[in-house]
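Notes to accompany the following structure.
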Amino acid sequence: MTALYELAVVGIGRVGLPLALLFASRGLRVLGIDRDLGIIEGARAGKMPFMETGCQELLASGLEFFTTDSVADAADAAAVIITVGTPFVEHFEMNLGHLNAVLKVLIPRLREGQLVILRSTVVVGTTEFVQRRIEVERGWQVGREFFLAYAPERILEGRALEEMSRLPQPIGAMDDGSWERADRLFKQLTHETFRVTFRGAELVKLFCNTSRYVYFALVNYFFMVARQFDEDIHELLDVTNRDYPRPILYSPGFSAGPCLRKDFAMISELFPQTDLFTAAWRINESMPKVIVDELHERADLRRSRVAVLGFTFKADSDDIRDSLIPKLLRYLLREVPLSVRVAEPNLPLGRGLDVGDEQFENLSVEAALRDADVVVIANMHSVFRRDWPELVVGLRPGVLIADVWNMTGRKRMFYRHEPDREIEGAAGSEPNCEPNGHQDREDA
């Protein structure tokens, strides 16, 4: 029987939807599946549910892209890519709940000859688990009645279409039939693929994110060391890197998001001893408290009106998942300041910003800064660097500023506001960052 769709993508969130649209733009008839009716209805109306460069244009271009909330409909596709979330439960254990929910519906409906590709970030051995479930529940053999591969994504939010088209695609496959089918599918997106084992492909993804997470922890630890000696990390990084051919590529900051904050644990889960990765986790997770502790030493927070600029987990994004800024706000609330205001320019004004035990209204930057005694620049949004002199026109001299990312170009993480110097500093402002000029804190 001829398949109704050439591809079904199960889970069309921030990973799956750009993938589905890119395949559709290559001429494939694609079915997107998600339990979130908001995503389904938005896609049918031609409206992207989140920011991702180029996707709105694709969605509105009349591609053969269809949506449903029924996983059972994946049986009508020649190939199925699973991109559901793989969060952690407490105590470093991966939660297979979303994956198992999909498999429970999908496995009884698989047709002989279908290709199943797992793309979610997973603990090593998960693709073998999927293989065992299909073989046990259907009595089939991989490479004969069905085909299975693991093809991890390694993209950055905001660059999904460009990177999926440019980056080589690792494919984990244990038999030639699965490899050939998965290779043929992904060659429609990118120029190069390479074959590894299931476990090899799973590790490739985990190594990508974990290496970045550990590097971010290193520069965060440098900040903590410098702080103990009453030195400013931004000034030291400027001196360290100036005309030096082997610079430190990153600045300290909040390293989190739905991948970095958990992917290291997918390795640590498998080993009982304390390791480098859990040490990095402790450092990165402590950053919000260290920042608040420093503010406490420099200002009477109980008599201060605090403005926090930024709420999403990364620069110029509308994604709030696993951001560390809610944690920063919770520590600030423990100081019982006169008020705390939050401004996130990438989210709608008036939107509620939930931090667990409190909800803030999203304000404009100007409204958040009004009458502020303490300002925390908590994110690297380009608007903060570009418009800083205009944003602080009404800010009185002497306000304490915590410029976590050196967005103002003052090369000081903590300083008192001086209007003339803000204009001078912002003119040459550039955070210490990657060679491409953008310091991404997350693989998507």
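The simple spin-label model puts a point 7 Å past each Cα toward its Cβ; for THR53 and ASP275 those points are separated by 3.3 nm.
Taking Cβ atoms as reference points and 14 Å as the exclusive limit, the residues near VAL9 contribute a net charge of -3, counting Lys and Arg as +1 and Asp and Glu as -1.
Between amide H atoms placed 1.01 Å from N, distances below 5 Å from ASN406 occur with no residue 5 or more places distant or on a separate chain.
Shape class of segment 319-364 from the Cα gyration tensor (axes a ≥ b ≥ c, square roots of the eigenvalues): oblate, since a/c reaches 1.5 or more and a/b does not exceed b/c. Comparing ALA367, LEU4, ASN241 along the charge dipole axis of the chain, the residue lying farthest to the positive side is LEU4, per the Cβ-charge model. Backbone phi angles across segment 374-381, fed through the Karplus curve with coefficients 6.51, -1.76 and 1.60 (θ = phi - 60°), yield HN-Hα couplings of 9, 10, 10, 8, 9, 9, 9, 4 Hz in residue order; Gly and Pro are listed as x. Projecting label points 7 angstrom from Cα along Cα→Cβ for ASP76 and ALA367 puts them 4.5 nm apart.
Relative to the first principal axis of the alpha-carbon coordinates of the chain, what is the inclination of helix 126-138, with its axis defined by its Cα atoms, in degrees from 0 to 90 and to the nearest 10? The angle comes out at about 30 degrees.
Helix 16-25 and the longest principal axis of the Cα set of the chain meet at an angle near 60°. Remark: relative contact order (the chain) = 12 percent; criterion is Cα-Cα distance under 8 angstrom and separation of 6 or more residues. What shape does segment 40-138 have by the C-alpha gyration tensor, where a ≥ b ≥ c are the square roots of the eigenvalues, rounded means a/c under 1.5, and otherwise prolate means a/b greater than b/c and oblate the rest? In terms of gyration-tensor shape, oblate. For the chain, the residue among VAL123, GLN141, HIS296 whose Cα projects farthest onto the positive side of the dipole built from Cβ charges is GLN141. Amide H contacts of LEU148 (H built 1.01 Å from N, in plane; Pro and chain starts excluded): VAL116, GLY143, SER178 sit under 5 Å, all sequence-distant by 5 or more or on other chains.
Based on Cα contacts under 8 Å between residues 6+ apart, segment 77-204 shows a relative contact order of 23 percent. Based on Cα contacts under 8 Å between residues 6+ apart, segment 206-427 shows a relative contact order of 18 percent. Taken over the chain, lysine pairs spaced eight or more positions apart, or on distinct chains, with alpha carbons under 26 Å apart number 15. By the scheme Lys and Arg +1, Asp and Glu -1, what is the net charge of all other residues having a beta-carbon under 10 Å from that of GLY54? With Lys, Arg at +1 and Asp, Glu at -1, the net is -2. Helix 325-334 versus the longest principal axis of the chain: what angle, 0 to 90°, nearest 10, using Cα atoms? Once rounded, the angle reads 40 degrees. Computed over every Cα-Cα pair of the chain and binned at 20 Å starting from 0, the pair-distance distribution P(r) comes out as 24, 51, 23, 2 percent. Couplings for segment 54-62, taken from phi via the Karplus curve 6.51 cos²θ - 1.76 cosθ + 1.60 with θ = phi - 60°, read x, 6, 4, 5, 5, 4, 8, 9, x Hz in order; Gly and Pro are left as x. Net charge in the neighbourhood of ARG330 (other residues with Cβ under 15 Å of its Cβ; Lys, Arg +1, Asp, Glu -1) is -4.
Per residue of the chain, the DSSP helices (runs of n ≥ 4 H) give a summed -39500 (n - 2.57) that works out to -11500 deg cm²/dmol at 222 nm. Placing +1 on the Cβ of every Lys and Arg and -1 on the Cβ of every Asp and Glu, with no other charges, gives segment 140-252 a dipole of roughly 420 debye about its Cα centre. Each eigenvalue of the Cα gyration tensor of segment 7-196, multiplied by 5 and square-rooted, gives one semi-axis; in descending order these are 24, 19, 17 Å. On a per residue basis, the convex hull of the C-alpha atoms belonging to segment 36-97 measures out at 136 Å³. Segment LEU37..VAL336, full-extension length gain: 103.7 nm, with 0.36 nm per residue of separation and the alpha-carbon distance subtracted.
Every number in this text was worked out from the coordinates using simple rules, so none of it is lab data. Every value quoted in this text rests on a predicted model; they were computed, and no experiment measured them. Note: ideal-geometry Cβ built from the backbone for every residue, glycine included; neighbour counts use all protein chains shown.
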